[in-house]
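Shown next, in C-alpha cells, is the structure this report addresses.
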Amino acid sequence: MENVLEISDLNVSFALHNSEVHAVRDLNFSLRAGETLAVVGESGSGKSQSFLSIMGLLARNGRATGSAKMGDVELVGMPPRQLDKYRGKDIAMIFQDPMTSLNPSLKIKRQLSEVLVKHQNYDEKKALKEAIEMLERVGIPSPERRANAYPHELSGGMRQRVMIAMALLCRPKILIADEPTTALDVTVQAQMLDLFRSLTKDFGTALVMITHNLGVVAGVADRMMVMYGGRAVETGHVDDLFYDPRHPYTLGLLSSTPNPAERAKRLTPIEGLPPSLEHLPKGCAFNPRCKFRFEKCFEERPPLEPFGEAERKKACFYEGQLLAEERSA
Amino acid sequence: MLRYAFRRVLSALPIAFIAVTVCFFILRLAPGGPFDTGRPLPPNVLANVRAYYNLDQPLFTQYLLYIGGVLRGNLGPSMAFYDFNVSQLLAIGLPFTLTLGFSAFVIATFVGVLAGMVSAVYQNKWPDYVLVLAVMIGLVVPNFLMGALLQLWFGVYLRWLPAGGWVTGSITHLVLPVTVLAWPHAARISRLMRGSMIEVLGTNYVRTAKSKGLGSRLVLARHAIKPAMIPVVSYLGPGLSYLLTGSIVVEQIFGLPGIGRYFISAALNRDYGLVLGTTLFYMLLILVLNLIVDLVYAWLDPKVRYS
Ligand SMILES: Nc1ncnc2c1ncn2[C@@H]1O[C@H](COP(=O)(O)OP(=O)(O)OP(=O)(O)O)[C@@H](O)[C@H]1O
Ligand SMILES: [Mg+2]
C-alpha cells in the first residue's frame, strides 16, 4: 500500500536556559493510506512532540530536524505560512483535552466553518451547511442548535465530537489523534473509538492514535509503535506485539494493563521510574528497569532493527520470546 | 442585553447616592469653611452669607436640602464663583474635559492594546524591548513631571506645539495634554495586554487554530485578540478613574479650562457645592463608562453573558 507519511531520522529538541532536552530521537516510520497506527508509551516518552513537530506546532523553544514527507511535501522545516496550505486540509490533529482545545469566545459554527472557508474557498453559507452536516455525522443531536452554541455550553464528549468533526471537515489524508479519549469517561470513550473507526474507514483517512491505553490500541489499531525515552523501541502489527512482545518495555506495558480474559492474574506494574531525558543511562535507555538485561545492554544502545517476519522491528539485544519466558519463570 | 443594561443602571443609583452622602459628610468634617480665606468678613455679614447658603442649619438638614436640590436637578450655588451656580460652571468646563478625557481614553486604549499585542508577538525580541521601555517610562514618570518635560521640549525648545493654554477648536493645543494623560494609561493597558496575549498564545485553543492552517493573521485576529482583551476590558473601568484624576492635574499644568481646574480650586476654597457637583459628575461619568465596559465584557466572554 501507498505511504501517506514517511518519517525519517526525526529529532525534536528543546532549548532550555543553558542546556537542551532531546525529546525525540531518530524516529523512522511510515504511515500507510487508510491504516491506523497506534503510538504508545509512558508520559514523557515523546509521543506528542513527534507529531506536534510534524504539524509545526512545537513550543517556541523547540526545534525539529530530519524529515517528514507527506507525498512529495517535506513538512519538517517548512515555514508556517506554507504549512498552512496543508495543515487542517491534508493533515489534521485532535488534541488531548477537549475542554480547552476549543476557543471559548467563538461559536462552534464559526470554528468549524472557518476551516472550509480557508481551505476549500467556500462562502460562509456553504461552509456552515457542510459543518452542520459533519456535526450530524459525528453523532451530535440537533446540530443546528449546537452549531450556535459556545463551547462551554457543551459536555466534554460533545466537545470532543466537535473536535473530530472539525478535523475531518476537509477529509484529510492523515488524522493525528493525541489521546483523544483520555479526558472522557469510559462509556463516552467507547463511543468515540467507534466513531474514529467508522469515519476513518469512510473517508479513507490514515489515523495516528496516540494513547496510554492498550485497550484503545487493541480496539482500533492495525499497527503500533512503542516509544520509550524519545525513541521507538518496538514496531509491528498489533496482534503480533500483543501475543509476542519482543521488547521488555512492551511486555511491561502489556502486563500492567487489565485484561478481562485473565482477571485472576495480578497486574504487574513496570518497576522503576520513566527516564529523565537529560540523564539517559548509557547503553539501552530501559536497562535500569529491565528484567532481561545483560552486560551488552549497559555498553551499547540497541538499534531498532527488523527481525523475523511480518515487518517487525525491535530495539533490544535479547533474542528470546519474552512472554513465554516470563510465564515459565 | 437591554434588560441587563437597565438592571445595571438601576443598581448604579444607590451607589451614586451613597457616594454623594459620604462625600458630603467628609467634606464637612474637613476643617475650615468657604469663607475662611481672604479678608475676614464682619460677623454680621458672615452670618448673612451663611444663612444664604443654609450653612446655619443643622448639618443633617443641610444634607436633606442638598439631596433634594440634586434630585430636582439643582446642584446649588458656587460659593467661590459668586456669579455662577454649580451647573453653569460644569456646563462651561464639561465639553472641554470630555474632549480631553475621551480622546486620551480612546487613544490610550487603542495604543495600549496594539503595543501589548506587538510586545507579545515579538516576545523578547527588540520591538518588545522598545515597547517595554516606553511602558516603564509611562508607569514611573509622574504626570506633572512628564507634562513639564514635554512642555519644555516640544513647546519651548523645538517650538513644535503650544506649551499650554487653549484656543477653541485647536487640535495642536490638545496634543501634549492628551499625550501626558494617555501615556500612563496606555502603559498599564499595554502591560496587561502583553501578559494576557502571551498567555492566550500559549493556550490549547490557539494551538488548535494554528493546526487548522488558518494563518497567523487570522489566528491572531479571530482567535487570540478577543480572549486576550478580557483582562484589559475589566481594567478599563478603574483605569478610567485614574485617567480622570489625572486629567485634574493635567488641566492645571497646561492651563486648560476644564472642570478639573474648578475641582482643585473648589477643594482649596472649601466651595462645598462645587466640590460635590464635580464629584457627582465624575462619578456619573465613571458609572456610565463602567456600564459600557461591562457590556463589552459580556460580549467578549460568552460565559458571563447571561448571568
Ligand atoms: N517546551 C518544552 N521545553 C522543554 N521540554 C519540553 C517542552 N515540551 C515538551 N518537553 C519535554 O519533551 C518530552 C516529551 O514530551 P511529550 O509531550 O512528547 O510526551 P508524551 O509522550 O506525549 O507524554 P504524555 O503521555 O504525558 O502526553 C517531555 O519529557 C517534556 O518534558
Ligand atoms: Mg502527550
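Under unit Cβ charges (Lys, Arg +1; Asp, Glu -1), what dipole magnitude, rounded to 20 debye, does the stretch B:96-268 have relative to its Cα centre? Show your work: numbers first, answer last.
Values: 12 positive and 3 negative charges, 139 e Å.
Charge dipole of the stretch B:96-268: 660 debye, to the nearest 20.
Relative to the longest principal axis of the Cα atoms of chain B, the long axis of helix B:172-201 lies at roughly 40 degrees. Rolling a 1.4 Å probe over the protein heavy atoms of the stretch B:96-268, with every protein chain left in place, gives an accessible area that is 72 percent carbon and sulfur. For the peptide B:200-207, the mean number of other protein chain Cβ atoms found within 10 angstrom of a residue's Cβ is 5. Between B:270, B:39, B:222, the GNM of chain B built on Cα springs shorter than 10 angstrom shows B:39 fluctuating the most. Counting only other chain Cβ atoms within 10 Å of each residue's Cβ, the peptide A:92-102 averages 3. Please work out the C-alpha center-to-center distance from the stretch B:177-200 to the stretch B:7-29 and express it in whole Å. For the stretch B:177-200 versus the stretch B:7-29, the Cα centre distance is 30 Å. For the stretch B:210-233, a decrease in accessible area of 10 Å² or greater in the assembled protein chains relative to the isolated chain, with a 1.4 Å probe, applies to B:210, B:211, B:212, B:213, B:214, B:215, B:222, B:223, B:226, B:227.
Residues whose amide H lies under 5 Å from that of residue A:231, counting only those 5 or more places away or on a different chain, are A:25; hydrogens are built 1.01 Å from N in the peptide plane.
Shown here for the stretch A:212-310: GluC sites (Glu not before Pro) in loop regions (DSSP other than H, G, I, E, B) with at most 13 other Cβ atoms within 10 Å, namely A:271, A:300, A:309.
Between the amide H of residue A:206 and those of A:34, A:174, A:175, distances stay under 5 Å, these residues lying 5 or more places away or on another chain, with hydrogens modeled in the peptide plane. What the Cα atoms of the stretch B:7-48 give is an Rg and a Dmax of 17.2, 52 Å. Overall, the ratio between the Cα radius of gyration of chain B and 2.2 N^0.38 Å, rounded to two decimals, is 1.21. Along the stretch A:88-97 the Karplus relation, 6.51 cos²θ - 1.76 cosθ + 1.60 evaluated at θ = phi - 60°, assigns HN-Hα couplings of x, 10, 8, 9, 10, 9, 10, 9, 3, 10 Hz to successive residues, with x for each Gly and Pro.
With +1 assigned to the C-beta of every Lys and Arg and -1 to the C-beta of every Asp and Glu, and no other charges, what is the dipole magnitude of chain B about the Cα centre in debye, to the nearest 20?
Working: 22 positive and 9 negative charges, 245 e Å.
With Lys and Arg at +1 and Asp and Glu at -1, about 1180 debye.
If a helix is a whole DSSP H run, which ones in chain A reach 20 Å or further along their own axis (Cα) and hold a mean Kyte-Doolittle hydropathy of at least 0.0?
A:186-203
For the stretch A:9-121, the pair-distance distribution built from all alpha carbon pairs, in bins 5 Å wide starting at 0, is 2, 9, 17, 21, 21, 15, 10, 4, 1, 0 percent. Candidates A:91, A:71, A:51 compared by Cα position along the dipole of the stretch A:18-111: farthest toward the positive end lies A:91, with charges placed on Cβ.
Evaluate peptide A:214-223: per residue, the Cβ atoms of other protein chains within 10 Å of its Cβ; return the mean as an integer. Mind showing how you got there, number by number?
Details: counts 0, 0, 0, 0, 0, 0, 0, 0, 0, 0.
For peptide A:214-223, the averaged partner shielding equals 0.
GNM on chain A, alpha-carbon springs under 10 angstrom: the most fluctuating residue among A:211, A:187, A:100 is A:187.
State in Å² the accessible area per residue of the stretch B:96-268; use a 1.4 Å probe, count heavy atoms of protein chains only, and round to the nearest integer.
On the way: 7830 Å² over 173 residues.
Here the residues of the stretch B:96-268 average 45 Å² of exposed surface.
Chain B contacts chain A over a buried accessible area of about 2200 Å², both sides summed; the probe is 1.4 Å and only protein chains count.
A Cβ-based charge dipole, computed about the Cα centre of the protein assembly as shown with Lys and Arg at +1 and Asp and Glu at -1, lands at about 1480 debye.
Comparing Cα centroids, the stretch B:109-159 and the stretch A:1-49 end up 45 angstrom apart. Placing unit charges on each Cβ (+1 for Lys and Arg, -1 for Asp and Glu) gives the stretch B:96-268 a dipole about its Cα centre, and among B:136, B:258, B:157 the Cα reaching farthest toward its positive end belongs to B:136.
So what's the protein assembly as shown giving for Cα Rg divided by 2.2 N^0.38 Å, two decimals? Each step should come with its number before you reach the end.
Details: Rg = 34.7 Å, N = 636, 2.2 N^0.38 = 25.6 Å.
Dividing the Cα radius of gyration by 2.2 N^0.38 Å gives 1.36.
Restricting to DSSP loop positions (anything but H, G, I, E, B) with no more than 12 other Cβ atoms inside 10 Å of their own Cβ, which chymotrypsin sites (Phe, Trp or Tyr not before Pro) remain in the stretch B:34-128? Don't skip to the end; give the middle numbers.
Details: sites: B:35, B:52, B:53, B:60, B:63, B:66, B:81, B:82, B:84, B:96, B:102, B:105, B:110, B:122; in loops: B:35, B:53, B:81, B:82, B:84, B:122.
Qualifying residues, ordered by number: B:82.
Under the criterion of Cα pairs below 8 Å and six or more residues apart, the relative contact order for the stretch B:96-268 equals 32 percent. Taking every Cα-Cα distance in chain A and sorting them into 10 Å bins starting at zero, the pair-distance distribution P(r) comes out as 5, 25, 32, 24, 11, 3, 0 percent. Kindly state, to the nearest 0.05, the FRET efficiency for residue A:294 paired with residue A:17, given R0 = 35 Å and r defined as their beta-carbon distance. Efficiency, rounded to the nearest 0.05: 0.35. Just checking the listed ones, A:142, A:13, A:67: in the Gaussian network model of chain A with Cα springs under 10 Å, the one fluctuating most is A:142. The residues B:183, B:299, sorted by heavy-atom accessible surface at 1.4 Å with ligands and nucleic acids left out, run B:299, B:183 from largest to smallest. Using only alpha-carbon positions in the stretch A:47-105, the gyration tensor eigenvalues give semi-axes of 21, 14, 11 Å once each is multiplied by 5 and square-rooted (largest first). Post the alpha-carbon centroid distance, the stretch A:283-325 to the stretch B:207-226, in whole angstrom. Between the Cα centres of the stretch A:283-325 and the stretch B:207-226 lies a distance of 44 Å. Helix B:259-269 and the longest principal axis of the C-alpha atoms of chain B enclose an angle of approximately 40°.
Just so you know, the Cα atoms of the stretch B:96-268 work out to an Rg and Dmax of 18.5, 63 Å.
The values are calculated or read from the model by the stated rules, or taken from the named source; none is laboratory data. Keep in mind the model is a prediction, meaning the values are calculated, not measured. So basically every Cβ, Gly included, is an ideal-geometry build from the backbone, and we count neighbours across all protein chains shown. The accessibility values were calculated without ligands, DNA or RNA, using every heavy atom of the protein model including side chains. Shrake-Rupley method; radii C 1.70, N 1.55, O 1.52, S 1.80 Å.
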